[in-house]
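Taking it in order: structure first as structure tokens, then the write-up.
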Amino acid sequence: MTAAGGRWQGPSVVAGAAAVILITVVPPLIATFGQVIGAEDVLAPFATAQLWLLLARSLALAAAVTALSLVVGVPLGILFARAHLPLQRLLFAAHLSILFLPPFLPTLGWFHVFGRDGYLGGPLSAAILFSDVGLVLALTNALLPAVTALTAIGARGIDASLEEAARVAGGPWRAAAFVVVPTAAPAIALAGVIVFALAFSELGVPMFLRVDVYPELVFSRLGGMDFAPGEAAALALPLVVLAAALLWIEQRLAGGRAIAALGGGGLGVRAPLFAFRPWMLGVGLVAASISLAPIAALLVHGAERGGLLEAARWIGAAPVNSLLASSLAATFMVMAGAILGVSLARQGIVGVWLDRIAVLAFVLPAAILGVGIAYAWNRPATNWLYASVLVLVVAYVARYSALATRTVAAAVAQTPRSLDDAARTVGAGYFDRLRLQLGMAPQALIGAFALALVFSLRDLETAVLLYPPGGEPLTARIFTLEANGPAGVVSALAALHMLITFMAVGLAWFALRPRASA
Amino acid sequence: MNRRHLLALSGAAAAAPLGLAGCSQTTQDVVAYTSVDQVFSEPVFQAFERQSGIRVRAVYDTEETKSTGVLNRLIAEAQNPQADVFWSGDPVRPFQLIRRNLVEPYVSPQSTGLPDAFKAADGTWTGFAARARVLLANRERVADTDIPQSIRDLTAPSWRGQTAMANPLFGTTTMHVGALAAAWGEAAMRSFLTDLKTNGVRISSSNGEVKRLVVAGEVAFGLTDTDDANEALKDGANVAVVYPDQDDFGALVIPTSVVMLRGAKRAEAARALVDYLLSADVERQMAESAAHMPLRPGVPTPANVRPVSDLHAMQVDYAQVSDQIEAQQDWLRRWGGL
């Protein structure tokens, strides 16, 4: 590589990564918000108090889910990452399993448990389930593992010597409170943003539990009889403000953190911060059980009514469609995210601005983004994309690229910038410095790929609007079969979906895991 | 990121064309969008594939968005139509497409045996295999002597907070509200819905959800469709199915309907699929699997479903119902708090 070639290496690679985000995210946003122009009376709903009350109510519910998830998930993440307990990996995997499903399915499982005629149900439990409290608990149950997982990733990336010094000086609890949690703050803040955005934009669970939320207002303009994308886009305008607010809050909580914390290695490399205590096993068992309980209820309910054995008849090519689209999307997301995440962590202007756009796409209701993708890509010239599985790849990248980029950024933000400066000083090229920074955060790529893959696999609300004819992913098939389909089939397909996700994440971990020679 | 990571990721990206090769289209394909439950429609498509050798690439609706999900997708895709055939769960959605000039009229030779009331003479839409709107009551919560006989019972104070119906912005409930507006007049329909709200009717996300709430005893009874009620009976639920208002204005009958779409890229295969869907064989399949009432004389009606000929059906003009649905949307959204 000549000196001139090396000078352009970085900008070229960043431009390539930026193109992935720009091509997938920007056209649907332009198409969506372009609908506002020319539409009549699109701003009229904003004159009603009802709209603002609904928005405030949705924000409050999402805030409650986020607060509860953080209060429970942060200690749980540290426990799973920095304590030693029997069956640790098994319990952690069981705890994460619920994250692999669209939230509606575990909520349906809780209905079989706590509905009026549920296994443990009665009028009181049913009244609680079908209420704001029930909605907050159901969504916290479904989204809590995102906090646990990201906290665990953040806690494992901390400099072992810092943690050890704090432990010797103040004991494990003070070390956790004053070193581990602050150092993992970027990951925890990211988890908070993810949970808030997902809780706010969730549609299936509130509709099932009969709790009115703002996304239903938007959806009513797209899923009702008077198809009005202009009105829907106008109603989504407050979400632009919401996305900006989330970014600002996250920046306040975690941005510019100066703690230098050189990643000391992954799981099992260093001694646990907390010695084993029996109660820890109890906490781990409860965390795993609460995730597994609604899934088990679904399976039992399905088995009682027969039909589990019928699943093979109904599965079709859905798992292949899911895996193909999701793995491709996750690959693109992590390739772009590795580059843009480093840029974001170092406050590079390209990384920062693309992150803002990607976060907006993540916060928008899926239906808005889906219609935008249809308008942007359903043209004769791009029919090869729109009518193939690639449209799902575009949809997943558009919706979830923020997750991959921000996971990398959160990990890289924990590493000292001085090392990158030193490498630059001695003339290291862009790729060498990129490798150095990602190498100091070995969990970043695995975490980014796993998150991108899991969220693409579990996506329902974007995919169901866009999947190519004959190419439905597994989540869409579960939901279309849910209408009058045998209960056992829905349960069996949900279980299969979890199994596929575990296997896909396991394979990704095997391919991307850090090795001693790396 | 080291070389191995780059290789792994690039390999995955490079595998894309291999996977996409499996998605390529052939001339012996037909693309069908349907709001008929997948559990019922997919076996029909598979039977067509076996008989014709034409592969059906389908898009199905979810219960929550039925039947507007695929309908709105058809409208959103109008600039570059993807679908060749739309098999609708009701006869009013096709009018949304007809108004937008998205329908290619096709009078199928198979439509000759179907009653004129359930098809358009110009072939823009043809109805077959029908459902009806029914009341589904939980026998553990409702004594046999108290089982409701009219949809007006949903507004009875004695049932306050104990009933359910689906959101009228979606699905067949939209059509039911439109039919009531056409039959009773706008003011009476709105008064009825206001009374429902006052009486604490639970608005669920779908008719399937109404069935689930009734079966689980969350509510005493609810308004749903015959296919959902039939699934409850098949599951052995202790429920009663009532065809409402048989001594009054009648029960709403909802035929499924099929339309061919303008700009169909696979027109010949599309006509073959439409012909097949309108055959007596499909009405028989839908009767057996989904408890749909055959409209064609001579096709046996399932034992747990009343024949259309024995039913006092609401007299409705489906085009007028479609007009009413559009006219009432704003008011319905406000009624629903949206």
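If I stretch the segment between A:Leu419 and A:Ala293 completely, what's the gain in nm (0.36 nm per residue apart, minus their alpha carbon distance), one decimal?
Result: 40.7 nm gained on full extension.
Tell me, in nm to one decimal, what length is gained between A:Ile30 and A:Gln9 on full extension, where the rule is 0.36 nm per residue of separation less the Cα-Cα distance?
Working it through step by step, the gained length comes to 4.5 nm.
About the Cα centre of the stretch A:386-518, how large is the charge dipole given +1 on each Lys and Arg Cβ and -1 on each Asp and Glu Cβ? Please answer in debye to the nearest 20.
In debye, rounded to 20, the stretch A:386-518 gives about 400.
Rounding to the nearest 20 debye, state how big the charge dipole of chain B is about its Cα centre with +1 on each Lys and Arg Cβ and -1 on each Asp and Glu Cβ.
1100 debye
Lysine pairs in chain B with alpha-carbon atoms under 28 Å apart, 8 or more places apart or on different chains: how many are there?
The result is 8.
Report, as an integer, the average count of C-beta atoms from other chains found within 10 Å of each Cβ along A:440-450.
The mean count of partner-chain Cβ atoms within 10 Å per residue comes to 1.
R0 = 25 Å: FRET efficiency of B:Asp317 with B:Gln51, Cβ-based, nearest 0.05?
Calculated value: 0.10.
What does the charge count around A:Val320 come to, taking other residues whose C-beta lies under 12 Å from its C-beta (Lys +1, Arg +1, Asp -1, Glu -1)?
0
Roughly what % of DSSP beta bridges within chain B run antiparallel, to the nearest 5?
60 percent
Rank A:Leu85, A:Gly337, A:Leu129 by how far each Cα sits towards the positive end of the charge dipole of chain A (+1 on Lys, Arg Cβ; -1 on Asp, Glu Cβ) and give me just the farthest.
Result: A:Leu85, furthest along the dipole toward the positive end.
When the accessible area of chain A is split by element with a 1.4 Å probe, what percent falls to carbon and sulfur?
Within chain A, the accessible surface is 71 percent carbon and sulfur.
Charges at C-beta only: +1 for Lys and Arg, -1 for Asp and Glu. How large is the resulting dipole of the protein assembly as shown about its Cα centre, in Debye rounded to 20?
Roughly 3500 debye for the protein assembly as shown.
Classify the stretch A:282-434 as rounded, prolate or oblate from the Cα gyration tensor: take a ≥ b ≥ c as the square roots of its eigenvalues, call it rounded if a/c is under 1.5, otherwise prolate when a/b beats b/c and oblate if not.
Oblate is the answer for the stretch A:282-434, as a/c is 1.5 or above yet b/c matches or exceeds a/b.
Got a sec? Charge dipole of the protein assembly as shown, +1 on Cβ for Lys and Arg, -1 for Asp and Glu; which of A:Ile357, A:Phe111, A:Leu309 is way out at the positive end?
A:Ile357
By how many degrees, 0 to 90 and rounded to 10, does the Cα axis of helix B:38-52 deviate from the longest principal axis of chain B?
Its long axis makes an angle of about 50 degrees.
In the full protein assembly as shown, how much of B:Glu186 is accessible to a 1.4 Å probe, in Å² to the nearest 10?
Looks like 80 Å² after rounding.
Farthest toward the dipole's positive end in the protein assembly as shown, which of B:Leu277, A:Ala297, B:Leu193, given Cβ charges of +1 (Lys, Arg) and -1 (Asp, Glu) about the Cα centre?
Farthest towards the positive pole: A:Ala297.
Could you calculate the contour length gain from B:Ala327 to B:Ser309, that is, 0.36 nm times the residue separation minus the distance between their Cα atoms, to one decimal place in nm?
3.3 nm
What do you get for Rg/Rh of the stretch A:393-514 when both radii come from the Cα atoms and Rh is the Kirkwood radius?
Checking Rg against Rh, the ratio lands at 1.14.
For the stretch B:181-259, what size does the Cα cloud have along each of its three principal axes, sorted from largest down, in whole Å?
Result for the stretch B:181-259: principal-axis Cα extents of 39, 37, 29 Å.
May I ask you to order A:452-465, A:330-343 by the average number of other C-beta atoms within 10 Å around their residues, highest value first?
A:330-343, A:452-465
Any chance you could give the angle, 0 to 90 degrees and rounded to 10, that helix B:280-290 forms with the longest Cα principal axis of chain B?
60 degrees
Along the stretch B:146-163, what does the Karplus equation 6.51 cos²θ - 1.76 cosθ + 1.60 (θ = phi - 60°) give for ³J(HN,Hα), rounded to whole Hz, x for Gly and Pro?
Calculated HN-Hα couplings, in order: 9, 4, x, 10, 9, 5, 5, 5, 4, 9, 6, x, 5, 10, 4, x, 10, 10 Hz.
List the DSSP H helices in chain A whose Cα atoms stretch 30 Å or more along the helix axis and whose mean Kyte-Doolittle hydropathy is at least 0.0.
Correct list, ordered by number: A:3-34, A:49-82, A:132-156, A:278-304, A:318-345, A:390-412, A:487-512.
What distance in nm separates the two pseudo spin-label positions at A:Phe178 and B:Gln28, each 7 Å out from Cα along the beta-carbon direction?
So the two model labels end up 7.6 nm from each other.
Hey, what do the phi angles of the stretch B:326-332 turn into as Karplus ³J(HN,Hα) couplings, whole Hz, using 6.51/-1.76/1.60 and θ = phi - 60°, x for Gly and Pro?
In residue order, the calculated couplings are 5, 5, 9, 4, 4, 5, 5 Hz.
Report the net charge of residues surrounding A:Ser401, where surrounding means a beta-carbon distance below 15 angstrom and charges are Lys +1, Arg +1, Asp -1, Glu -1.
+1
The values are calculated or read from the model by the stated rules, or taken from the named source; none is laboratory data. Note that the structure is a prediction, hence the values are computed from the model and not measured. In this analysis, Cβ positions are derived from the backbone assuming ideal geometry, glycine residues included, and neighbour counts consider all displayed protein chains. Surface areas here come from the heavy atoms of the whole protein model, side chains and all, with no ligands, DNA or RNA. Shrake-Rupley method; radii C 1.70, N 1.55, O 1.52, S 1.80 Å.
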